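Worksheet for the structure shown next.
Where a number appears in this text, it was derived from the coordinates with a stated rule and is not lab data. Not measured: the values here are computed from a predicted model. We place every Cβ from the backbone using ideal geometry, glycine too, and count neighbours over all the protein chains shown.
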Amino acid sequence: MSNISFGAAKIKALSDLLRADKSVVVIGGAGFGGLEHSADVRPMVEEFRDRVLETPISELGFCGMGIGAAIAGLYPIVTIGTGSFAFEAWPQITNEAPNIHYMSNGGIKVPVIFHAMCGIRISGAAQHSTRPQAMLMQAAGLQIMAPAVSSDVGPLLNQVRESERPTFWIDHSLLFTEKWEEHGPTPPLGKAAIRKAGKDVTLVGYSIDLVRCMKAASELEALGINAEVIDLRTLCPFDKETIMNSVGRTGHLVVADECYPAASVASEVAAIFSDEGFGLLKKPIKRLNFDAVPVPANPGLERELMPGVEEIVKAAKDLVN
Amino acid sequence: MSNISFGAAKIKALSDLLRADKSVVVIGGAGFGGLEHSADVRPMVEEFRDRVLETPISELGFCGMGIGAAIAGLYPIVTIGTGSFAFEAWPQITNEAPNIHYMSNGGIKVPVIFHAMCGIRISGAAQHSTRPQAMLMQAAGLQIMAPAVSSDVGPLLNQVRESERPTFWIDHSLLFTEKWEEHGPTPPLGKAAIRKAGKDVTLVGYSIDLVRCMKAASELEALGINAEVIDLRTLCPFDKETIMNSVGRTGHLVVADECYPAASVASEVAAIFSDEGFGLLKKPIKRLNFDAVPVPANPGLERELMPGVEEIVKAAKDLVN
Amino acid sequence: MIPCIPRDELLDALRKMMMIRRLEEACIIAAHEGKVPGHFHVYIGQEATGVAVASNLGKDDYVYSTHRNHGHLVARGADPGKVLAEIETKATGYAGGKAGTLHGCAPDLNFPLSSGIVAGVIPISTGTAWAQKLRGENAVTAVFFGEGALEEGAAFEAINIASLWKLPLLMICENNTAEVERKPGQGHYHAPNFAVPNITDYARTMGLTALTVDGIDLGAVWNAAAEARERAISGGGATFIEVATYTWPGGQWPTLATGITDIRHAWNGEIPEDFKHCENWFKRNDPIFSVTREFIAENIASQTEIEELDAEVRSEMGKVVEFVEASPFPSPNTARTAVWPN
Amino acid sequence: MIPCIPRDELLDALRKMMMIRRLEEACIIAAHEGKVPGHFHVYIGQEATGVAVASNLGKDDYVYSTHRNHGHLVARGADPGKVLAEIETKATGYAGGKAGTLHGCAPDLNFPLSSGIVAGVIPISTGTAWAQKLRGENAVTAVFFGEGALEEGAAFEAINIASLWKLPLLMICENNTAEVERKPGQGHYHAPNFAVPNITDYARTMGLTALTVDGIDLGAVWNAAAEARERAISGGGATFIEVATYTWPGGQWPTLATGITDIRHAWNGEIPEDFKHCENWFKRNDPIFSVTREFIAENIASQTEIEELDAEVRSEMGKVVEFVEASPFPSPNTARTAVWPN
Ligand SMILES: Cc1ncc(C[n+]2csc(CCOP(=O)(O)OP(=O)(O)O)c2C)c(N)n1
Ligand SMILES: Cc1ncc(C[n+]2csc(CCOP(=O)(O)OP(=O)(O)O)c2C)c(N)n1
Ligand SMILES: [Mg+2]
Ligand SMILES: [Mg+2]
C-alpha cells in the first residue's frame, strides 16, 4: 500500500511527460478520471493550456486528429472520457491507427495513446459501463495497457512512449482512488507481474480486478489459503509465460475479468491451458466474468451480475478444498 | 454438395421473406454479396423497390435507422457492405441495439438484422478484411449468425426473424459462391451441427472456415484419418455442448477461425476445455487463426498469415499421429 | 406568447411544467440523500419546451430523448411516480430499475428509449419516422437532443437522412447554453464547440425547415411544434426547432442552486437572500415564472388560482415521493430477465 | 485557364498529367491480365486536380488520399515505378506489397497514408494540420477526398474541427459526379445522397472558405490551390475546394472505356469509331485534351512538341512497366515485419 492514489500517480506521470517534452500534447481535455475527478485534472490542463486541445463532442474526429498529429511528429495523449465513447471512434482506433505503420511497410510511425475510463462503475447503466478491452485485443497492431498499481503508471507511460506504438490505455472508473504501490523494479513492457507469491492457487487480474484479487488473496490467507496473484498489466502484448509458470506451481487458476464471458480476456487466459499450458491445471479454471446481460442501472442488480472479491474468494476455496 | 450457391440461397431466402411480409424492409441497398455479386442482388432490389432504402455512405446513420424502424414495428434487414464498415456503426450495433430491450425491461423489441461481408477476401488489404465477429461476441444482447451451408440460410433467417432479437449476420466474401447443402432437418437456433461424423479428430469451423474444414476432412479420409466436422452456425448463442460431446469421443480438436488469435472465437472454443470440458482433450488443441498482423495487400503475404485447408489437414495429422 | 387553446388546456400545460419542476426538485433532494445512483441530469429551466412539444403530439407519435429525459417523460404523460421510481432504480419504475435516470422510457406511451450516448438517439428517430412515412400513417416522431449533440457525426448523418427523405420528424434541439459565446476549445461542460454560430443556419443548409424559439415562451414553442407536426404529416418533411434557454445555475452535479421554487416569486418581485446572485433566473429565465406572469397578466388565472394549482402539484408530488420511498428495489432474480424477447 | 507560371513548369504539369494517364492505362491493362489483386480505382479524368494541387505544395507539406490515390502519388512526385509496383503488390513498391492499390503512400514525400475507408483520412489530416499550426511551421496539409465522403459523419466532424481551429488545411473535394442529379436513394456507385445541392454551401456554412472549380481547368485549380495555401499559412484557416468533373465512363470495375489515349485527338477533332458514344469525353471532359488544346491555342507548345512530350512519357511508362514486370513479389518472410516500430 502507499499514499499515492492511482489517479494522482496518473496525473503526475502525465504532467512529468508534458513537462519533459514539448512535443507531448493532450487532445480531449480533462477527460482523465472522468467527471468525478475533473477537479484533480484541471491544474494539469491549466499548466499546459497551450498544448491541450479541448475538443468538440466528436470522438471519431478527435481520435483521428490524434493519429494525424502523431504522424506529424507530436506525441498526442488522447483522452476519450468514458470507455463507451471509444465506440464512436472505433474506425480510427481499430482500423486506422493499428494499420498505418504496416501499410507503409514501416515508413510511418503513429505514436498515439488513447485513454478511457472503462468498466463497471456502479450505476453507469447499460451504455456507460462498457469494457472495450477484449474487443481491442482483436485489433492487431494496437498495444493495450491495463495497469492496476500506482507505481506502474509512470514507468508504463514512459515505456509506451518509447515503444512508439499506437496504444490504448484502459483506465477504470473505480481505480482512480485506489492506492496500491509496488516497490522494487518495474517489469519490462509486456510482462505480467507477480504481485503476491503463493503456492495453493493462482489469481489472475488486471486493472480494477487485480485490486480485487489482492483483497481476495489476503482474505484467503486468513483462511489458510496461500494465493499467488498475477497482474497482467498489459493485454497486448499478452504474457502467457508468467501465468503458465505460476499455474505450473499451483495447479489452480481463478481469473477475474469484468468483460462479458464470450471471447473475453478470461477466455484468452483459459485458452492457454488447452494449448501451450496443456496439463498444468489440476482442476478446471474458474472464469469470473460479468454475466452476458446488459448492465442494469440498479446497483443491486449490477452486483448480482458482477464478480467481486467475495466470488474470487469462493472460487479459490472451491478449487483448493 | 448441391447446385445452389450460398449467395443464391441468401438472395432467395431474403426475397421469400420480403414477399411473405410487407413489414420486411431493406436498408442499405444492394450490399449483400458485395460489389462482386451486386448484379445477382439487383433483381431483388428492383422487385421490392418500394421497400428498399438505398442509403448515403452513412453506416452509423442507417444502422441507427434500422433500429428505429424495428422499434416502430418493421423488420429491417440492414446491409452494411464490407464487414469493416460495421465499425462506422459500432455505437449503434453494440451500444444501442443490444441494450434497448433490457433498458425497457422488455417493453420494447428491436427485431433488426445487420448483414456484412466479413473476412479475408484475398487482397482486401488491412482495412477491408476485418472479422468483427469476436468483437461482437462482447456485446451482450446481440445475436450472431455465421452459417456456412446453403441449406441453413433460409431456415436461419426465419428463425432469427421469429426470435425478434437484434442480430448480426456474418457473411463471408468467399462464401457467396460456395455450394454446400445439407439434407435432413435444420437444427434449432443456437445449436451447432455435425456436418460429418468421425472418430479420430474434431474439426470446428463456421462460415468460410467450415467449408475449409469439410475440404480438409475429405483429404484426411484419404489419409485414413476419420475427422468429425462441427459447424458452429451461430456464435451467440454459442453451443458448447455439441463441441464437448464430439471431443469427448475424439479427444482431439482443431479449430479454424479467421479472427486474430487473442480473444477470438477459437479462444472461446479452446477455453471450454480448461473449464466445463476439462479433461476431454487427449492432446493440446490446435488453434488456427490469422496471425496477429494487419492484413497485407499481397496475396502471398496474406496466405502466409492465413490458415487454410492445408494447415487444417496438417494440424489434424499432427494430433492423430 | 400564450398558445391559442382553451383555458383548461393552458392550466394543464402549466400544471405539467410545475410537475416537472417538483419532480426534479425531489430528484435533487433524493440524490443528496444518496438515493439516485449514478450521474443524473435535470430539466429545470427547460420545462416549457417539453410540455409545449409533447402537448402537440398524438398518441401514435413516438418520442425519443437523451440523458436529460425526466421532463420529456412527464410532459408525454408518464406517471411521475414511475418516473422517479426508475430514477431511483426501484422495482416500480418504468423499467424495473434497469434503466435508471439515463435511459428513461415509457413503452406504453410510445416513448421507447432515452440514449445516454450524445446524439445516439437521433439516427434511431429517423428510422421510426421513416417507418411511419412508409406505412402512410398520420403520425410523426419527435426527438429531443441538446445543442452539444450537433458536434457528433451521428447527428449530421441523421439530419442528412431526415432531409433527403423528407421524414415526418420533429428535431427539437434544446440549446441550454444560449448565452455562452461560441469559441473553440471550451472545456467546461457542454460548452459549444460548434463552428456555426447560428445553429439553424446549419440545419437550414442541410435542407430542413429550421427556426429558433425562446425556451421561456410557451406559446412560441407551442406554435412551432404545432406547425412542425402539421408540416411533417402533410409531407413537408422534418423541422429543426432550436429552443434557446440560458444555462441553469444548478450545474453539472445538480444542486438546488435556485432553491425550492416558491411560485409567489413569479409576481412578488422578491429575490430570496441566498439567491441574489441568480437575479436573472427569478426575473427572466425561469419558464414557470414567466408563463405564470403571462397567465396572470392575460387573466388566464389569478394569483390565488396559481397558488392552488401549485399546492395541488406539490401535494401530488408528496404522494409520489411517498410511493417511491415505499417502493422496493428490484429482486436480484430479475437481473437476468428481459435480455431477449424469446 | 493557363496558370501564370514559366513555360517549362507548364509543360512539366502537362507531363505529370500524361504520366498519371499512362500509369492508369497500364494499371487497367495489368488488371485485365490479372496482375492487380483486389478492387482498384483509377484517376482518369481527374489528372488536372492532383497535378495542380500538388504543384502548389512545398516539400514539408503533407498529403493524404483515399482509395483513388494513384494520381495523387504521381502528382506529388512519387516514382511511377514504385507506385505501379505497389499497385501490383510487388516487393519494389512503396510499401513492399503490403499496401496495394487501396493504401498508396510515399513516406519520404510526406504522403503518409491513403485510407480505404471513405472519409477515414479526413480527421487524420486535421491532426497533421493542427501539429503544423502548433509548431508555427510554414507548412500545410492537403487532403483529397471524393464528394461521397461528405455523407460520412467523420467528414463533418473533421470539417467542424478544421473550421474551429482555423487549421492550415486544403480540403480538396473531388466531385467526379458533377453531372449526376442529386436526389435521394440512388443506388448506383457513389451516387450522391447528400441533401445539400451545392456542396460548397455546406462547407461555407461550416465556416470554411469554399469554392468550386472546373476539374478540366488546370489554371482554375492551380490558382485555387495557390490561394488556399497562402491563406492557410497566413492564418486564414482551411479552404474547401470542390473540383467538379464528370463521371468517367470507365466505371467502377475499370476498363479502357475511352481507349488508350491518342494525344492527337486533342486537336484533330476525330472521335474513334468504337468511342462515338463518348463524344463528351473527347470534346470536353478529358482534362489532358483540354489542357493540350489550351497550350496549343496560347502557343505554349506546338502539336509536334506535345507529341514529343507524349512519346517521352509513353516510353518512360514502357520502362516502368518493364521494371514492375521484372520486380519480384515480396518474400513470405516479410509478412510479419513492420507491425511495430520496436
Ligand atoms: C458520445 C458521447 N460523448 C460524450 C458524452 C458525455 N456527455 C454526456 S452529456 C454531455 C453534454 C451534452 O450536451 P448537450 O447535448 O447540449 O445536452 P445537455 O446536457 O446540455 O442537455 C456529454 C459531453 C456522452 N454521453 N456520449
Ligand atoms: C466507410 C465506408 N463505407 C463504404 C465504402 C465503400 N466505398 C468505397 S468507394 C465508395 C464511393 C466513394 O465515393 P467518393 O467518396 O465520391 O469517391 P470516388 O470513388 O468517387 O473517388 C464507397 C461507398 C468504404 N470504402 N468505406
Ligand atoms: Mg446543452
Ligand atoms: Mg465521387
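Couple of notes before you dig in:
- Of all DSSP bridge pairs formed entirely within the stretch A:133-256, close to 30 percent run antiparallel.
- Ascending count of other beta-carbon atoms within 10 Å, so fewest first, for B:MET306, A:MET137, B:MET214, B:MET135: B:MET306, B:MET214, B:MET135, A:MET137
- Binning the alpha carbon pair distances of the protein assembly as shown at 10 angstrom intervals from zero yields the distribution 2, 9, 17, 22, 21, 16, 9, 4, 1, 0, expressed in whole percent.
- All-pairs Cα distance distribution in the stretch A:82-126, expressed in whole percent, bin size 5 Å: 5, 18, 23, 18, 13, 11, 6, 4, 2, 0
- Beta bridges from DSSP with both residues in chain D: antiparallel share about 5 percent, rounded to the nearest 5.
- Amide H within-cut-off set for B:ILE230, under 5 Å, with H built and near neighbours excluded: B:ARG195, B:LEU203, B:VAL204, B:GLY205
- Dipole axis of the stretch A:1-88 (+1 Lys, Arg; -1 Asp, Glu on Cβ), positive-most option in A:ILE57, A:SER38, A:PHE87: A:SER38
- Each copy carries a label point for B:GLY308 at 7 Å from Cα toward Cβ; from one copy, the others' points are 5.4 nm away, ordered from shortest.
- Modelled label reach - D:ASN198, point 7 Å along Cα→Cβ, the stretch D:207-227 residues with backbone N closer than 16 Å: D:207-214
- Taking other C-beta atoms within 10 angstrom as a stand-in for reagent exposure, C:TYR246, B:TYR102 fall in the order C:TYR246, B:TYR102, fewest first.
- In the stretch A:164-255, lysine pairs with alpha-carbon atoms under 20 angstrom apart (chain gap of 8 or more, or interchain): 7
- Simple Cβ-charge dipole of chain A, Lys/Arg +1 and Asp/Glu -1, about Cα centre, in debye nearest 20: 400
- Per residue, the convex hull around the alpha carbon atoms of chain C comes to 136 Å³.
- Partner chain coverage, peptide D:324-335 - average Cβ within 10 angstrom: 3
- Dipole magnitude (debye, nearest 20) for the protein assembly as shown, charges at Cβ of Lys, Arg, Asp, Glu: 2580
- Karplus-derived 3J(HN,Hα) values for the stretch D:91-108, using 6.51 cos²θ - 1.76 cosθ + 1.60 with θ = phi - 60°, are 5, 8, x, 4, 10, x, x, 7, 8, x, 5, 6, 10, x, 8, 8, x, 6 Hz; glycine and proline are entered as x.
- Globularity index of the stretch B:216-257 is 1.27 (Cα radius of gyration / 2.2 N^0.38 Å, N = number of residues).
- The ellipsoid equivalent to the alpha-carbon distribution of the stretch B:153-223 has semi-axes of 26, 15, 11 angstrom, derived from the gyration tensor eigenvalues as √(5λ) and listed largest first.
- Karplus (6.51, -1.76, 1.60) ³J(HN,Hα), θ = phi - 60°, over the stretch C:110-126, in Hz, Gly and Pro reported as x: 6, 10, x, 6, 10, 9, x, 8, 3, 6, x, 7, 5, x, 4, 5, 5
- Note on C:ILE2 and C:ALA257: with the Förster distance fixed at 30 Å, the Cβ-Cβ geometry gives a FRET efficiency of about 0.55.
- Across the stretch C:66-211, the volume of the C-alpha convex hull divided among the residues equals 119 Å³ per residue.
- Label point 7 Å beyond Cα of B:LYS283 along Cβ direction - residues of the stretch B:192-230 with amide nitrogen under 14 Å: B:200-203, B:225-227
- The stretch B:115-162 and the stretch D:124-177 have Cα centres lying 34 Å from one another.
- Number of partner chain Cβ atoms within 10 Å, mean per residue of D:145-152: 4
- Span from the the stretch A:171-212 Cα centroid across to the the stretch D:218-262 one, whole angstrom: 55
- Legend: mean number of C-beta atoms from other chains within 10 angstrom of residue C-beta atoms, peptide A:252-262, equals 3.
- Most positive-pole-ward Cα, D:VAL196, D:ALA220, D:TYR246, against dipole of the stretch D:196-253 from beta carbon charges: D:VAL196
- Ellipticity estimate at 222 nm from DSSP helix runs (n ≥ 4, -39,500 (n - 2.57)) divided over chain D, nearest 500: -12500 deg cm²/dmol
- Cα-Cα separations in the stretch D:1-59 greater than 15 Å, expressed as whole percent: 56
- FRET efficiency estimate (nearest 0.05) - Cβ-Cβ, C:SER234 to B:GLU47, R0 22 angstrom: 0.10
- Shape class of the stretch B:138-263 from the alpha-carbon gyration tensor: prolate, with a/c at 1.5 or above and a/b greater than b/c.
- Cross-link partners of A:LYS317 among aspartates and glutamates (Cα-Cα below 13 Å; sequence separation of 8 or more within a chain): A:ASP200, A:GLU219, A:GLU221
- DSSP bridge orientation in the protein assembly as shown - percent antiparallel, rounded to nearest 5: 10
- Spin-label pair D:LEU11-D:GLU270: with each label point 7 Å from Cα along the Cα-Cβ axis, the two points sit 2.5 nm from one another.
- Footprinting exposure proxy for A:MET44, D:MET1 (fewest neighbouring C-beta atoms within 10 Å first): D:MET1, A:MET44
- Cα-based Rg / Dmax (Å) for chain A: 19.2, 59
- Bridging of D:LYS133 to lysines at a Cα separation below 29 Å is possible for A:LYS10, A:LYS12, A:LYS22, A:LYS109, C:LYS183, D:LYS59, D:LYS166, once same-chain residues fewer than 8 apart are set aside.
- Listed by chain and number, the aspartates and glutamates placed with their C-alpha closer than 16 angstrom to that of C:LYS283 are C:GLU179, C:ASP214, C:ASP217, C:ASP262, C:GLU270, C:GLU273, C:ASP274, C:GLU294; residues fewer than eight positions away on the same chain are left out.
- 3J(HN,Hα) from dihedral phi, the stretch B:85-96, Karplus parametrisation 6.51/-1.76/1.60, rounded to Hz, x for glycine, proline: 6, 4, 5, 4, 9, 3, x, 6, 6, 9, 10, 10
- Each Lys and Arg adds +1 at its Cβ and each Asp and Glu adds -1 at its Cβ; summed about the Cα centre, chain C shows a dipole of about 1020 debye.
- Inter-probe distance in nm under a simple model that places probes 7 Å from Cα toward Cβ, at C:GLU298 and A:SER218: 6.7
- Ellipticity at 222 nm from helices only: DSSP H runs of n ≥ 4 in chain B, each -39500 (n - 2.57), divided by the residue count, give -11000 deg cm²/dmol.
- Nearest beta-carbon to the C/D symmetry axis - residue in chain C, distance in Å: C:GLY153, 1
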